[in-house]
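This report refers to the structure that appears directly beneath it.
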Amino acid sequence: MTSNHLRFIARTVLVKNNDIEPAYRLLDNILRKEHFFSDVKRKERYEKPFLKRSRLTYERCRRIYDSEMRRKIEFVMRKNRPDPFLR
């Protein structure tokens, strides 16, 4: 397979038995995960540089917060810790 063919397969949603609903759902989920819709909406209008900087800063802070919260939740959810509330 050539590299062009692999790139085509990576961006393809297959329709099975002419049933288009699951394919549309899958495509919608993929596009939502990649923030495609929000990027398109944002590029409809000009974004002033100070607004872009503040948005990027907010997104950076949000990613840091989410990763820390995910780490803390994973720590709390571990099962192999001794029970702190012994009776």
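The values are calculated or read from the model by the stated rules, or taken from the named source; none is laboratory data. Keep in mind that this is a model prediction, so the values were computed, not measured. All Cβ positions, even for glycine, are placed from backbone atoms using ideal geometry, and neighbour counts span all protein chains on display. SASA here: full protein model, heavy atoms, side chains in, ligands and nucleic acids out. Shrake-Rupley method; radii C 1.70, N 1.55, O 1.52, S 1.80 Å.
Quick look at the values:
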item: Listed values (1) 14, 30, 22, 16, 10, 5, 2, 0; (2) 12, 21, 24, 25, 13, 5, 0; (3) 17, 40, 32, 10, 1, entry calculated as P(r) over Cα pairs in 10 Å bins from 0, in percent; result: (2)
item: Accessible surface of Tyr58 - all protein chains present, 1.4 Å probe, nearest 10 Å²; result: 140
item: Accessible area per residue, Å², the stretch 42-87 with all protein chains present, probe 1.4 Å; result: 111
item: Gyration tensor verdict on the stretch 29-72 (Cα atoms; rounded if a/c is under 1.5, prolate if a/b is larger than b/c, oblate otherwise); result: oblate
item: Loop trypsin sites (Lys or Arg not before Pro), the stretch 17-84 (other Cβ atoms within 10 Å of the site Cβ: 14 or fewer; DSSP); result: Lys43, Arg45, Arg78, Lys79
item: Rounded percent of accessible protein surface that carbon and sulfur make up, the chain, 1.4 Å probe; result: 59
item: Accessible area in the full protein assembly, largest first, 1.4 Å probe, for Phe37, Phe50; result: Phe50, Phe37
item: His5 accessible area, 1.4 Å probe, all protein chains in place, Å² to nearest 10; result: 80
